[in-house]
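Enquirer: Pasting a structure here, questions to come.
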Amino acid sequence: MKLTITSQFQQFMASIGVPFEEILLKADIPNLLKEETLVLTDLEYYRLLQEFDRVLADEQIVGFSEIGNLQLFMPPFFAAMSAKNGIEGIKRLSKYKKLVGPLVIQYTEHEETVSVRFQFQLPMQDLPRFTLLNEQLLIVSLLRTATGKDIKPLLVEGPYEYSPVTEAFLQVRGKVAPKNQLIFKKEDLLQPFRSENNSMWEYLQPEFDKKLLEVASQKTFAQNVQAVLLMAIPSGYFLIEDISKQLRMSARTLQRNLNAENTTFNKELQAAQKILAFTYLQNETMTTTEIAYLLGYADTNSFVRAFKKWTGQTITAYREGLSKK
């Protein structure tokens, strides 16, 4: 995916103490900020979010989640702010979120409430704490800014601890739960948006829809292979013959298509194993042996060596770092 990072947005990040260039370096992502551009694979995007998670304090996350700071830089937020109310705004945000990253927003309307959940497009990827808090805070900030009313959710929950800083912003106690969720009163989301702008939206919507089609067409063959691998690896059927069969082509054709994108099946397999490894390691109840088995390694030591090669850390050190967050 190709993201536009304007100089103004870079200045905003610097103003709240976010060392963006340092984060790119740690995430091993080419720095194209002088061109106001980032070109990322889904895996690189995930690594970027993980680095944000490691670097940003909760005070910075709150600053990063103020919709007034972001709506001029992020098309999905402008689309949402131009809506007539919160329900339409969240629907637009869900539709156009793909313009700035592979994140899915799921919303469900009930008789008296509306629930909102977040997940990655790729299966088996858990949202880093920074990402989940940022998205939940952004929704609340959007509703308050657009309506001019002090809207607060009925429930906020996710698999991470909520600090006093984030709870003060949300005005509700965060609940630790396996799945993430925001629940609002439906009547709050039907409050009219003061920021509604039909004339501007009629002008911009065709361009936004065009960009959505461009994003969909930019998905590479390698990304499609990786998505299949993420589902296949835990099942144990992830040899090139297994994956090529699922994609309805020969193994030779699959490898040739990957070679055309300057990659190989083994590279994509390792990338998918990395994603799954980082996800599984966040689950404290899973042992290294269990994870190695789910990733398809012949023995635990092979996984341990591979992880050290990927990260420069032992699995124990990595997990200790997670526990300190």
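Each value in this text was obtained by applying a stated rule to the coordinates, not by laboratory testing. Computed from a predicted model, the values in this text were never measured in an experiment. No Cβ is skipped: glycine too gets one built from the backbone with ideal geometry, and neighbour counts run over all protein chains shown.
Enquirer: Could you work out the equivalent-ellipsoid semi-axes for the range 61-216, taking the square root of 5 times each eigenvalue of the Cα gyration tensor, largest first, in whole Å? It would help to have the intermediate numbers written out before the result.
Expert: On the way: eigenvalues 111, 71, 40 Å².
Value: 24, 19, 14 Å, ordered largest first.
Enquirer: On to the next question. Cut-off is 10 Å between beta-carbons; in what order do Ser235, Ser302, Ser244 appear when sorted fewest neighbours first?
Expert: On the way: Ser235 10, Ser302 13, Ser244 20.
Listing Ser235, Ser302, Ser244 from fewest to most nearby Cβ atoms yields Ser235, Ser302, Ser244.
Enquirer: Say the cut-off is 29 Å between C-alpha atoms; which of Lys34/Lys179; Lys245/Lys274; Lys2/Lys267 go over it?
Expert: Table pairs above 29 Å Cα-Cα are Lys34/Lys179.
Enquirer: OK, next. Rounded to the nearest 500 deg cm²/dmol, what is the calculated helix-only ellipticity per residue at 222 nm for the chain, with -39500 (n - 2.57) per DSSP H run of length n ≥ 4? Mind dumping the intermediate values first?
Expert: On the way: 18 runs with 183 residues, N = 325.
Helix-only estimate at 222 nm: -16500 deg cm²/dmol.
Enquirer: With an 8 Å cut-off on Cα pairs and a minimum separation of 6 or more residues, tell me the relative contact order of the range 61-216 in percent.
Expert: Working: 261 pairs, mean separation 44.4, N = 156.
Reported relative contact order: 28 percent.
Enquirer: Per-residue HN-Hα couplings for the range 268-279, Karplus 6.51 cos²θ - 1.76 cosθ + 1.60 at θ = phi - 60°, whole Hz, x for Gly and Pro?
Expert: Karplus values, whole Hz, x for Gly and Pro: 5, 4, 5, 4, 5, 4, 4, 4, 5, 4, 4, 5.
Enquirer: Taking the Cβ of each residue in Val104, Val116, Val215 as the centre, tally the other Cβ atoms inside 10 Å and list the residues starting with the fewest.
Expert: Details: Val104 13, Val116 21, Val215 16.
Neighbour counts put them in this order, fewest first: Val104, Val215, Val116.
Enquirer: Hey, how much of the P(r) for the range 208-259 falls beyond 13 Å, as a percent of Cα pairs? Provide the component values of the computation, followed by the final result.
Expert: Numbers: 810 of 1326 pairs.
Of the Cα pairs, 61 percent sit more than 13 Å apart.
Enquirer: While we're looking at this one, here's another question. Counting Lys and Arg as +1 and Asp and Glu as -1, what is the net charge of the other residues whose Cβ lies under 14 Å from the Cβ of Ile16? Kindly include the intermediate steps, with their values, before the conclusion.
Expert: On the way: positive: none; negative: Asp58, Glu59, Glu66.
Taking every other residue near Ile16 into account, the sum is -3.
Enquirer: Quick one: among Thr220, Thr253, Thr131, which has the greatest mean-square fluctuation in a GNM of the chain with alpha-carbon springs under 10 angstrom?
Expert: Thr253
Enquirer: Any idea how far the Cα center of the range 145-200 sits from the one of the range 19-91, in Å?
Expert: Centre-to-centre (Cα) distance: 19 Å.
Enquirer: For the range 221-323, state the average projected area of the convex hull of the C-alpha atoms over all orientations, rounded to one decimal in nm².
Expert: Values: hull surface 26.1 nm².
Averaged projected area of the range 221-323's Cα convex hull equals 6.5 nm².
Enquirer: State, in angstrom, two size descriptors of the chain derived from its alpha carbons: Rg to one decimal place and Dmax to the nearest whole number.
Expert: Cα-based Rg and Dmax for the chain come out at 20.7, 62 Å.
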